[in-house]
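Have a look at the structure below, then the notes.
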Amino acid sequence: MYIREYEPADCSEIAALFYQTVHEVNKQDYTSEQLNAWATGKVDLATWNQSFLEHYTLVAVENGRIAGFGDIDETGYLDRLYVHKEHQREGIAAALCSRLEAHVQGNILTHASITARPFFQKRGYKVLREQQVERQNILLTNFVMVLEREIQPPSTGGDSMQKVIVIGSPGAGKSTFSRKLRDATGLPLYYLDMIWHRPDKTNISREELTARQEEIIKTPKWIIDGNYLSTMELSLKNCDTVFFLDYPLEVCLAGAKARIGTKREDIPWIETEFDQEFKQWILDFPKDQLPIIYQLLEKYKKNRTVHIFKSREEAEHYLVSIEN
């Protein structure tokens, strides 16, 4: 399973997921009459698409199909959060919710169904009130709930850490570090591997990769995880903070091997073997890419904060320091 931002082409599939989820998952708490009023099967796709585009909207994808979705607006109102009936209790709702919550500062408000109320309570949401909502002249019970949070800057590393890149050899653990950094700072995270690779293991063009990365860079805050030399200088020109995981070769090889067979949100498939071409790329990294990276860092180090970690322990120590 991996999570990406919503695209207009997702809307019809999301509408079908919404209908199926309501009628199968929520039937334990609502009557058939209430379910039919809640999800009629006649969603106005144009209206939904517009609201998804206006909000921060994410979809969870499993085996090429949408397994869940959620959206939140800039005021902190978490509007929708639904997971496909066949993917309940797999952690998808929690993963989506964490990303949505991290997108905004301050308190988060949601209207939770009877079914969803325990999920939100486990995440620290409090019930403000129970209410009756009318749909198609039918009353449905839900709960106005709030997650109370202090409003604070997104990073204890200073207000300047708003545009971040994480680089290093494959297998170094860039994506794991990036996720922990995202969770600690609230900055949105973008995986270049998710942009470059398609689920069928083909890839987009270099031109499209550059164009997509330029779109991200235009936004006010981001973490970009990825070691693509073709776009690294573009990232360095526009970032304010660099994290370089410069670990020993054996550490990177072991890291790449250890993740085989594991579902990851930073790549659109599950690696089933240690591909020899990929292994050779890691072996060649110290002589082919490392010198170029250090040249680029030297060129752009002015007015940027550059963290170079030589071990996982150094990186973990930094993460603990900002979490505290």
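The values are calculated or read from the model by the stated rules, or taken from the named source; none is laboratory data. Source: prediction; values computed, not measured. With ideal geometry, Cβ positions are generated from the backbone for all residues, glycine too; neighbour counts draw on all protein chains shown.
Scanning the range 226-281 for residues that are buried (at least 19 other Cβ atoms within 10 Å of the Cβ), over 15 Å from I292 (Cα atoms) and either touching a Phe, Trp or Tyr at 6+ places or on another chain (Cβ under 6 Å) or not assigned by TED's automatic domain parsing to the domain that holds K302 (or both) gives D266, P268. Flag set for Q34, criterion: closer than 23 Å to Q121 by Cβ, over 16 Å from the mean Cα position of the chain (by Cα) and either in the same structural domain as R198 (by TED's automatic domain parsing) or not hydrophobic (A, V, I, L, M, F, W, C) (or both). The residues of the range 1-29 that are touching a residue at least 12 places away in the same chain (Cβ under 8 Å), over 24 Å from R117 (Cβ atoms), out of contact with any helix residue (DSSP H, G or I) (no Cβ under 7 Å at 6 or more places or on another chain) and assigned to a helix (DSSP H, G or I), listed by number, are D10, E13. Listed by first and then second residue, the pairs with beta-carbon distance under 6 Å, at least 6 apart or on different chains, first residue in the range 105-127 and not assigned by TED's automatic domain parsing to the domain that holds D71 and assigned to a loop (DSSP other than H, G, I, E, B), second at pLDDT below 95 and surrounded by fewer than 18 Cβ atoms within 10 Å (Cβ to Cβ), form an empty list.
Please indicate, with yes or no, whether at least one residue in the range 161-172 is closer than 26 Å to G64 by Cα, touching a residue at least 12 places away in the same chain (Cβ under 8 Å) and buried (at least 22 other Cβ atoms within 10 Å of the Cβ). Looking through the range 161-172, at least one residue is closer than 26 Å to G64 by Cα, touching a residue at least 12 places away in the same chain (Cβ under 8 Å) and buried (at least 22 other Cβ atoms within 10 Å of the Cβ).
Picking from residues in the range 136-178 that are modelled with pLDDT of 90 or more and charged (D, E, K, R), the one that is nearest to F309 (Cα to Cα) is K174. Exactly one residue out of D44, D79, D73 is free of Cβ contacts under 8 Å to residues at least 40 places away in the same chain, acidic (D, E) and closer than 19 Å to I114 by Cα: that is D79.
Can you give me the number of residues within the range 71-104 that are of a type outside the set (V, I, T), buried (at least 21 other Cβ atoms within 10 Å of the Cβ) and either farther than 20 Å from L181 by Cα or not assigned by TED's automatic domain parsing to the domain that holds V22 (or both)? Number satisfying all stated conditions: 6. Evaluate the following for T185: is it under 19 Å from L319 (Cβ atoms), surrounded by 13 or more Cβ atoms within 10 Å (Cβ to Cβ), at pLDDT 90 or above and in contact with a Pro (Cβ under 7 Å, 6 or more places away or on another chain)? Against the criterion (under 19 Å from L319 (Cβ atoms), surrounded by 13 or more Cβ atoms within 10 Å (Cβ to Cβ), at pLDDT 90 or above and in contact with a Pro (Cβ under 7 Å, 6 or more places away or on another chain)), T185 qualifies.
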